[in-house]
1. Which number in (1) touching a Lys or Arg at 6+ places or on another chain (Cβ under 9 Å); (2) touching a residue at least 60 places away in the same chain (Cβ under 8 Å); (3) not aliphatic (A, V, I, L, M) marks the one condition that Trp188 misses?
2. Among the residues of the range 38-67, what is the count of those that are crowded, with 21+ Cβ neighbours inside 10 Å and within 14 Å of Ala102 (Cβ to Cβ)?
3. State the number of residues belonging to the range 158-178 that are surrounded by fewer than 16 Cβ atoms within 10 Å (Cβ to Cβ) and closer than 15 Å to Ser111 by Cα.
4. Cβ-Cβ below 8 Å, separation at least six or inter-chain, first residue in the range 1-22 and free of Cβ contacts under 8 Å to residues at least 60 places away in the same chain, second of a type in the set (Gly, Ala, Ser) and buried (at least 17 other Cβ atoms within 10 Å of the Cβ): which pairs?
5. Would you pick out the residues in the range 56-70 that are within 22 Å of Val160 (Cα to Cα) and either touching a Cys at 6+ places or on another chain (Cβ under 9 Å) or among the β-branched types (Val, Ile, Thr) (or both)?
6. Condition first: under 17 Å from the mean Cα position of the chain (by Cα) and either surrounded by fewer than 19 Cβ atoms within 10 Å (Cβ to Cβ) or within 18 Å of Gly129 (Cβ to Cβ) (or both). Now tell me which residues in the range 190-207 satisfy that.
7. Would it be correct to say that Glu146 is under 20 Å from Ala206 (Cα atoms) and more than 16 Å from the chain's Cα centre (by Cα)?
8. Considering every residue within the range 19-28, establish whether at least one is among the hydroxyl-bearing types (Ser, Thr, Tyr) and more than 17 Å from Phe180 (Cα to Cα).
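The values are calculated or read from the model by the stated rules, or taken from the named source; none is laboratory data. What you see is a predicted model; the values in this text were computed from it and never measured. Using ideal geometry, Cβ is built from the backbone for each residue, glycine included, and neighbour counts are taken over all protein chains shown.
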Amino acid sequence: MDCRLYLITPPTLADLAAFGRTLAQALDAGDVAALQLRLKDQPHDIIAAAHEVFAPICQSRDVALILNDDPKLAAKLGCDGVHIGQSDMAMAEARKVMGKAAMIGVTCHDSRHLGMDAAEAGADYVAFGAFYPTATKETLYRPEPEILTIWQETMEIPCVAIGGITAENAGPLARAGADFVAVSAGVWSHPDGPAAAVKAINAAIAR
């Protein structure tokens, strides 16, 4: 399976309509598998408003829209899936809330053990990281790319690499075995703009 790009929104968005236009341009620039709506510590009405703007943009391009952290809100909004951390709702409970068809991913830091637990509980993918320094969120874990290789050799569900990924450093993670590379600032803060970043990352992760 080819490695694919998994986009994550910036943590705050001042103008949803303007970002929607930027998002559309980014998604039209190359292959994107999913967009994670990650507005940290924002009220539900802001997240709902963002979902209303982004959902049609994603649906028309066959891009899964995944909400960060909150299975109940994800189910209420009709998101394609939810991404949960180790301190969020338990995987089994999230599945009950979201239903069988929804995509559920789980943050597993630098731990194959956490990954195997998540897979056993029915996760659709696991995320390892942060592989590189990142300003997007505080990280306490720094796995080696080898965790992706071992996961690929031993487990069936896909793995996502996350943390400080850019067009310049995504290639080694794809070659190590990442099924997806999750990128936020590496796209939205790219000096040539998000569309150029999507093109460059797709070129970097082609195997």
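1. With respect to (1) touching a Lys or Arg at 6+ places or on another chain (Cβ under 9 Å); (2) touching a residue at least 60 places away in the same chain (Cβ under 8 Å); (3) not aliphatic (A, V, I, L, M), Trp188 is out only on (1).
2. Residues that pass the stated criteria total 3.
3. Residues in the range 158-178 being surrounded by fewer than 16 Cβ atoms within 10 Å (Cβ to Cβ) and closer than 15 Å to Ser111 by Cα: 0 in total.
4. Leu13/Ala50; Leu16/Ala50
5. Filtering the range 56-70 for residues within 22 Å of Val160 (Cα to Cα) gives 58-59, 61-70.
If the condition is that a residue be within 22 Å of Val160 (Cα to Cα) and either touching a Cys at 6+ places or on another chain (Cβ under 9 Å) or among the β-branched types (Val, Ile, Thr) (or both), then Val63, Ala64, Leu65, Ile66, Leu67 are the ones that fit.
6. Taking the range 190-207 as the starting set, the residues that turn out to be under 17 Å from the mean Cα position of the chain (by Cα) are 194, 197-198, 201-202, 205.
Ile201, Ile205, listed by residue number.
7. On the way: under 20 Å from Ala206 (Cα atoms): yes; more than 16 Å from the chain's Cα centre (by Cα): yes.
For Glu146, the condition - under 20 Å from Ala206 (Cα atoms) and more than 16 Å from the chain's Cα centre (by Cα) - is met.
8. Initial filter on the range 19-28 (among the hydroxyl-bearing types (Ser, Thr, Tyr)): 22.
This time we only want the ones that are more than 17 Å from Phe180 (Cα to Cα), so: 22.
Yes: the range 19-28 contains one or more residues that are among the hydroxyl-bearing types (Ser, Thr, Tyr) and more than 17 Å from Phe180 (Cα to Cα).
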